[in-house]
Each structure stands twice: as structure tokens, then as C-alpha cells.
1. How many percent of DSSP beta bridges within the range 120-190 run antiparallel, rounded to 5?
2. What percent does the relative contact order of the range 3-301 come to when contacts are Cα pairs within less than 8 Å and at least six residues apart?
3. Classify the chain from the C-alpha gyration tensor, please: rounded if a/c falls under 1.5, else prolate or oblate depending on whether a/b exceeds b/c.
4. Aspartates and glutamates near K234 by alpha-carbon distance under 17 Å, same-chain residues fewer than 8 away left out - which ones?
5. Around P175, with a cut-off of 11 angstrom between Cβ atoms, what is the net charge of the other residues, counting Lys and Arg +1 and Asp and Glu -1?
6. With a sphere of radius 12 Å drawn around the Cβ of P277, what net charge do the other residues whose Cβ falls strictly inside it have (Lys, Arg +1; Asp, Glu -1)?
7. In debye, nearest 20: dipole of the chain around its Cα centre with unit charges on the Cβ of K, R (+) and D, E (-)?
8. Using Cα positions and a limit of under 27 Å, work out the lysines in reach of K31, with same-chain residues fewer than 8 apart set aside.
Amino acid sequence: MRWWMRIGVLVAALAVAPTASAATIDVNGVKRSYTVQLPAKKPVPLVVVLHGKTQRGADMIARTAWPQIAKRESFAVVFPDGLNHAWADARTKAGPELRGPPPGTDDVAFIAKLVGKLVADGTADAERVYVTGVSNGGAMVMTLVCARADLFAAGASVIMNLTDEAAVTCRPSRPLPMLIMNGTADPLIPYEGGRGSSYFAADGFWSTEKTVAFWRELNGCDADDADVTDMPDKAPADQSTVTRITSRCPRGHDVVLYRVNHGGHRMPGFAPDARFPRIATRLLGPQNGDIDGAETIWAFFSQFR
């Protein structure tokens with residue numbers, strides 16, 4: 001799709017962007033906020049979208065295609081807010097340079113109660129609840145899949161790898177389909193593991209290959225790649241490409257990796273994922289425009305219940 005056609009599609013989508021409503025829920029005596037977008041009919045599939053560190057749910061609404069996809073496909077989407085703009089995932093060493101949530105924050109309880117509320121009020125189909133997130137939100141996805149696999153039909157983690165600390169406590173109650181989407185030039189979450197090149201990077205990350213191997217083993221998949229597909233380079237100017245790597249797994253236990261070659265700490269998309277794209281590119285690396293992250297994740301989610 002040529003750039004002016006893509007801009008036209010995005011402008012048209014934004015012109016009919018659906019409305020969402022803000023609400024709160026009490027979790028262990030703490031008022032937690034979220035924004036939810038609901039279709040007219042119920043019950044429907046539900047996608048929980050988790051922001052990255054320093055962000056809020058509003059950033060995911062404004063800078064991803066989730067609202068437009070949810071409207072088009074008639075599913076519900078909820079954008080929770082982490083306390084102090086962060087999530088209390090399974091890691092305790094998640095980057096000391098940036099403030100995390102208050103001590104004692106239980107975000108597993110928050111998301112579980114939020115999903116339970118939307119199922120109980122008839123909004124969400126309990127068999128079709130999905131969770132995805134970027135960066136710190138991607139780590140929270142893995143934490144939720146490990147702790148409450150019973151709540152979800154599939155998960156998708158973007159620009160995040162496991163650590164020893166996160167993996168040792170991961171004991172999901174059942175195998176869950178997982179999608180991972182990581183960039184090979186990520187300065188915060190290094191594709192090859194260890195510590196990223198950014199000043200704000202934490203240490204101790206597994207490589208993406210080791211992270212994928214972990215989920216394959218949990219899901220009873222073969223260790224080797226099933227299929228490796230280089231996707232069309234639709235946006236040559238972004239200087240990155242995407243390779244899709246699948247796994248040989250039992251039915252419904254799929255593990256898929258989208259490797260963003262030369263991609264940074266960014267969610268692929270047809271629209272900028274940051275308010276100041278040039279600054280984001282300088283600090284976080286390039287954003288891929290060959291695929292849209294939300295579209296790709298929804299195509300994966302929609303296979304499972």
C-alpha cells in the first residue's frame with residue numbers, strides 16, 4: 001500500500017473511531033482505573049491491552065489500531081492503567097532508573113477482577129478472553145499467563161523477553177497459545193539477551209530464542225522451527241523487515257514468533273506509535289511498518305477459544 005493510500009485509510013479510521021468509557025474498580029482497597037470500549041451486542045470476545053512503562057491505557061487507545069479493529073470485528077477491548085504508569089509483573093528488577101508501582105501492588109488480582117467483572121455482567125464471553133501488552137505490559141502478559149491461564153484463551157507479548165526470575169515462578173495451569181513479537185535492534189530488551197544498550201535498560205534478560213523455547217516446552221511443542229517465512233517488505237523506508245516463525249505444537253497450543261529484523265523497542269504499525277516519532281526512533285530504534293501489531297495479534301487470537 002502506497003504511503004498516501006495508507007494515510008487515507010488511517011484518517012478514515014480515525015474519523016469513525018469508536019468511543020470508550022472510563023471506569024474504576026476496587027482491588028484490595030485500591031481504586032484502579034481502566035477504559036473500556038464495548039460493542040452493541042453481548043457477550044463478545046474481550047481483549048485486554050496492557051500499556052508499557054511510563055504510559056497509560058490512553059496511549060494504547062491513541063497510538064494503536066485496537067479501537068478500530070475492535071469496532072470492525074465487534075469485540076470488546078479494555079485498556080487498564082498501571083499504578084505509577086507501570087505494571088507489577090513477576091520481575092522485581094525491572095529497571096531501577098524508572099519508578100515502578102507501589103510496593104504490594106497486585107496487578108494479577110486487578111486484571112483477574114476486571115475480567116471477572118466483564119464476564120459476570122454479560123459483556124465478555126468467558127471462552128474468548130485474550131491478553132496482550134507491550135514492553136512492561138508484555139512482561140505482565142507473561143506473568144498473567146503463568147499465574148492465571150484459566151482466564152485466557154491466548155496471550156501475546158510485544159518487545160519483551162523472560163528473565164530467570166520470571167521463568168522460575170511460571171507454572172501455568174494449562175498450555176496457552178502464545179505470540180511473541182520482538183525487534184532484533186531493541187536497545188531496552190535485547191534480542192540476544194543480557195542487558196540492552198540504553199541507559200534505562202535492565203540486565204538479565206533471556207534471548208528471544210530462549211524465551212520462545214520456554215513457551216514451546218510448556219506447550220508440548222517440538223524444539224525446532226516449523227516454518228520460517230519472510231513477510232513482504234511493504235515499507236522499505238523503515239529499514240526493517242518481519243520474519244514469521246511458527247512451531248510444531250499440539251492443536252491449540254500454538255507458539256508463534258514475529259521477528260522484526262532491525263526493529264527497535266517499538267510495536268509495528270501503520271501509524272506512529274509515539275507522539276514524537278523522530279525522537280522515539282533515536283531513543284528506541286525504528287518502528288516497522290510492514291505489519292500492524294494489533295491486526296497481527298487479533299488474527300492470532302481469533303483462532304482460539
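1. On the way: 0 of 9 bridges.
About 0 percent, rounded to the nearest 5.
2. Working: 693 pairs, mean separation 43.2, N = 299.
Contact order relative to length: 14 percent.
3. On the way: a/c = 1.21, a/b = 1.06, b/c = 1.14.
Rounded, because the longest to shortest axis ratio a/c is under 1.5.
4. Excluding near neighbours in sequence, the set is D290, D292, E295.
5. Spelling it out: positives minus negatives among the neighbours equals +1.
6. Numbers: positive: R63, R266, R275, R278, R282; negative: D238, D273.
So the environment of P277 carries a net charge of +3.
7. On the way: 33 positive and 31 negative charges, 170 e Å.
It comes to approximately 820 debye.
8. Answer for K31, where 27 Å is the Cα cut-off: K42, K53, K93, K113, K117, listed by chain and number.
Taken together, the values in this text are just the output of simple stated rules run on the coordinates, not laboratory data. What you see is a predicted model, and the numbers here were worked out from it, not measured in a lab. Every residue, glycine as well, gets a Cβ built from its backbone with ideal geometry; the counts of neighbours run over all protein chains shown.
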